[in-house]
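K.L.:
The following block contains the structure, expressed as structure tokens.
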Amino acid sequence: MSRAHPAGPKHGDLIGPSPLPAIPGPAAELTAGVWPVGADRDQTGTLCISGVPVTEVAERFGTPVLVMDADDLRTRARDYVRAFTDPSGRAEVTIYYAGKAFLAAAVVRWLRDEGLGMDVCSGGELACVLAAGMPANRVLFHGNNKSAAELRTALGAGVGRIVVDSHDELDRLAAIAHDEGVRAPVLIRVTLGVEAHTHEFIATAHEDQKFGFSLASGSASRAVRRAAHHPDLELIGVHSHIGSQIFVASGFEVAAQRAVGFLADLRAMDGIEIGELNLGGGMGIRYTEADEPLDIAAMGPALLQTVVAECDRRGVPVPRLAFEPGRAIVGPSTVTVYEVGTVKRRSLDGGRKRTYISVDGGMSDNIRTALYDADYTVTLANRIAPAAPELSRVVGKHCESGDIVIRDAWLPGDVVPGDLLAVAATGAYNRSMASNYNMVGRPPVVAVDGGRLRTVLRRETLTDMFHLDPGLTEPPITPTP
Ligand SMILES: *Cc1c(COP(=O)(O)O)cnc(C)c1O
């Protein structure tokens with residue numbers, strides 16, 4: 001079942017009934033695969049990330065704070081590179097990290113040093129990765145509406161690949177390349193008609209979404225022909241991305257087969273040989289115990305094998321391959337630590353009760369619950385509680401009833417103001433989608449690296465926000481926290 005919410009804000013009072021999560025085991029248990037590899041509890045029961053107690057992070061950096069296990073992130077990157085190395089040596093593979101999941105200089109440098117490239121989808125993301133030291137030829141530029149200025153900047157910087165998403169963009173890019181006297185390196189983004197969600201995928205000709213050129217309508221082969229024969233464009237390859245938070249390897253397999261079929265048709269009918277096939281990202285991660293993510297070590301080699309076999313069957317040379325995981329690299333590395341401010345008990349229909357626990361962040365640092373009905377795992381982080389678990393809802397401090405961090409969680413009945421809660425797997429699409437709604441500053445990201453704490457992004461202050469408003473100078477009161 002896809003839990004994506006169509007659009008617009010979701011209000012707490014409109015949320016329908018949903019199955020409640022199972023009552024957890026011992027309160028101290030940290031579900032495997034949900035928490036960073038370096039997460040454990042010390043003898044006082046305090047949650048530690050790579051040996052550093054989150055209480056210490058909270059004291060030094062305030063709350064809310066995102067705490068990243070640097071080893072976890074680097075290990076995942078390495079695991080991807082290893083899993084997508086073709087043992088037969090026939091397919092050369094590049095892993096591009098999808099920067100939109102979370103970008104900061106430290107992350108760009110770690111991933112660069114692990115041999116990954118970077119996928120960006122705006123001029124801002126492009127500037128960030130270049131400034132952080134990612135070589136331009138390892139950058140791939142996405143987006144369905146890149147501006148002329150963004151395209152010009154990307155070409156000027158020597159970006160390795162520009163993924164063209166429309167005929168308008170193809171014209172625009174070619175004109176800019178002509179002006180600049182360069183040939184623009186392009187991939188053509190193709191909508192294969194395979195759309196994958198968490199536990200299922202659909203493979204139809206139905207392509208009712210904004211990205212790419214449609215395969216079914218012939219638009220994709222037209223775009224490839226135009227790019228192949230355009231003097232100002234250099235056709236590098238073809239791109240496909242089938243979705244996000246995917247747990248079914250078969251979605252990727254079907255996409256790979258269709259893509260190779262497309263390459264075979266191009267070769268047979270147009271005499272065009274495609275040198276590179278990018279199969280996108282979307283590999284799912286474990287947010288809760290119920291999620292069973294892909295086993296990358298098994299899936300990688302199997303998928304490469306499918307591509308090679310399909311190429312042999314269709315009589316096309318094996319192209320260079322590329323993948324673009326974002327969430328799967330950074331998501332599990334990070335936890336958000338909040339301080340509890342208030343606790344209320346509410347009666348539900350049928351005599352049940354729910355404990356509302358308000359924390360000092362909310363939809364400004366985690367919009368995914370309101371936007372996608374996302375589920376997360378939470379734990380009491382500063383101690384182990386003896387009290388029996390109560391059905392709880394973790395809510396933020398914003399002026400919206402839909403400001404929910406976790407809809408249904410079992411938390412000890414003795415949680416009180418001042419306790420710390422940690423929410424797992426918040427590394428992807430949390431800080432990068434954060435806002436300063438209600439003039440709440442966006443939280444810092446702090447990495448634990450080799451047992452030491454280091455600032456990846458500092459907290460956004462009231463002074464930062466005041467600087468945007470020409471009618472304001474310095475804040476007259478001390479900003480919180
Ligand atoms: C979002 C996106 C990704 C990364 O998706 P994840 O779910 O974070 O792995 C990769 N490629 C493209 C084109 C995307 O839009």
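K.L.:
Positive end of the charge dipole of the chain (Lys, Arg +1 and Asp, Glu -1 on Cβ, about the Cα centre): tell me which of 237, 288, 212 has its Cα farthest that way.
P.N.:
Projecting each Cα onto the dipole axis, the largest value belongs to 288.
K.L.:
Continuing with this model, one more query. Okay, which of region 275-297 sit inside 11 Å, backbone N to the point 7 Å along the Cα-Cβ direction of residue 82?
P.N.:
297
K.L.:
Continuing with this model, one more query. Could you please state how large a percent of the accessible area of the chain is carbon and sulfur, counting protein chains only and using a 1.4 Å probe?
P.N.:
52
K.L.:
How large is the charge dipole for region 163-317, taken about the Cα centre, if only the Cβ atoms of Lys, Arg (+1) and Asp, Glu (-1) carry charge, to the nearest 20 debye?
P.N.:
Rounded to the nearest 20 debye, it is 380 debye.
K.L.:
Please report how far the C-alpha centroid of region 373-393 lies from that of region 59-134, rounded to the nearest whole angstrom.
P.N.:
Spelled out, the Cα-based centre of one part sits 30 Å from the other.
K.L.:
Could you give me D for region 414-481, from Stokes-Einstein at 37 °C and 0.692 mPa s, where the hydrodynamic radius is the Kirkwood radius over C-alpha pairs? Units µm² s⁻¹, please.
P.N.:
225
K.L.:
Have a look at 257, 432, 136 and report the one farthest towards the positive end of the charge dipole of the chain, computed about the Cα centre with Cβ charges (Lys/Arg +1, Asp/Glu -1).
P.N.:
About the Cα centre, the residue reaching furthest to the positive side is 432.
K.L.:
Which three extents, in angstrom, do the Cα atoms of region 277-344 have along their principal axes, listed largest first?
P.N.:
66, 20, 17
K.L.:
Anything over 25 Å Cα to Cα? Flag those among 100/210; 100/344; 146/397, in the order listed.
P.N.:
100/344; 146/397
K.L.:
Please get the size of the charge dipole for the chain, origin at its Cα centre, with Cβ charges of +1 on Lys and Arg and -1 on Asp and Glu, quoted in debye to the nearest 20.
P.N.:
That gives the chain a dipole magnitude of about 120 debye.
K.L.:
Considering the dipole of region 23-181 built from charges on the beta carbon (Lys and Arg +1, Asp and Glu -1) around the Cα centre, which of 126, 106, 85 is farthest to its positive end?
P.N.:
85
K.L.:
Compute the acute angle (0 to 90°) between the alpha-carbon long axis of helix 70-83 and the principal axis of greatest extent of the alpha-carbon atoms of the chain; round to the nearest 10°.
P.N.:
30
K.L.:
Kindly rank 266-274, 399-407, 138-146 from highest to lowest mean number of other beta carbons found within 10 Å of each residue.
P.N.:
Taking the mean over residues of other Cβ atoms within 10 Å, the ranking is 138-146, 399-407, 266-274.
K.L.:
A further question follows. Taking 25 Å as R0, compute the FRET efficiency from the Cβ-Cβ separation of residue 171 and residue 270 and round it to 0.05.
P.N.:
Result of the calculation: an efficiency of 0.80.
K.L.:
Got a sec to turn the phi values of region 243-249 into Karplus ³J(HN,Hα) couplings, 6.51 cos²θ - 1.76 cosθ + 1.60 with θ = phi - 60°, whole Hz, x for Gly and Pro?
P.N.:
Per residue, the Karplus-derived 3J(HN,Hα) values read x, 9, 6, 9, 10, 10, 5 Hz.
K.L.:
Taking only Cα atoms, what is the 0 to 90° angle, nearest 10, from helix 167-180's long axis to the longest principal axis of the chain?
P.N.:
70
K.L.:
With the other protein chains left in place, how much accessible area per residue, in square angstrom, belongs to region 56-203 at a 1.4 angstrom probe?
P.N.:
Accessible area per residue, region 56-203: 38 Å².
K.L.:
If you don't mind, another one. With each label point set 7 Å from Cα along the Cα-Cβ vector, what nm distance links residue 461 and residue 137?
P.N.:
According to this spin-label approximation, the distance is 4.2 nm.
K.L.:
In nm, what is the difference between 0.36 nm times the number of residues separating residue 147 and residue 200 and their Cα-Cα distance?
P.N.:
15.6 nm
K.L.:
Which angle between 0 and 90 degrees, to the nearest 10, do you get for helix 296-314 versus the longest principal axis of the chain when only C-alpha atoms count?
P.N.:
20
K.L.:
Could I ask something else about it? In the chain, what % of DSSP beta bridges are antiparallel (nearest 5)?
P.N.:
Of the beta bridges lying entirely in the chain, close to 50 percent run antiparallel.
K.L.:
So, one more: Principal axes first, then extents: for the Cα atoms of region 215-256, list largest minus smallest coordinate on each axis, whole Å, largest first.
P.N.:
Principal extents (largest minus smallest coordinate, Cα): 41, 21, 14 Å.
K.L.:
May I ask for the Kirkwood hydrodynamic radius of the chain, worked out over all distinct Cα pairs and given in angstroms to one decimal?
P.N.:
23.8
K.L.:
Give, in nm to one decimal, the length gained when the segment between residue 320 and residue 179 is fully stretched (0.36 nm per residue of separation minus the Cα-Cα distance).
P.N.:
Between residue 320 and residue 179, full extension yields an extra 47.8 nm.
K.L.:
Can you give the log10 of the normalised intensity I(q)/I(0) at q = 0.10, 0.16 Å⁻¹, computed with Debye over equal Cα scatterers of region 182-340?
P.N.:
Those come out to -0.40, -0.90, one per q.
K.L.:
For the chain, what is the mean residue ellipticity at 222 nm derived from helices alone (per DSSP H run of n ≥ 4: -39500 (n - 2.57); sum divided by total residues; nearest 500 deg cm²/dmol)?
P.N.:
Only helices count here, giving -7500 deg cm²/dmol.
K.L.:
Further question on the same structure: Return the long-range amide H neighbours of residue 197 (sequence gap of 5 or more, or a different chain), with a cut-off of under 5 Å between placed amide H atoms.
P.N.:
Here 202 satisfy the definition.
The values are calculated or read from the model by the stated rules, or taken from the named source; none is laboratory data. Please read all numbers here as calculations on a predicted model, not as lab measurements. Don't worry about glycine lacking a Cβ; one is built from the backbone with ideal geometry, like all the others, and counts go over all protein chains shown. Heavy atoms of the whole protein, side chains included, go into the accessibility calculation; ligands, DNA and RNA do not. Shrake-Rupley method; radii C 1.70, N 1.55, O 1.52, S 1.80 Å.
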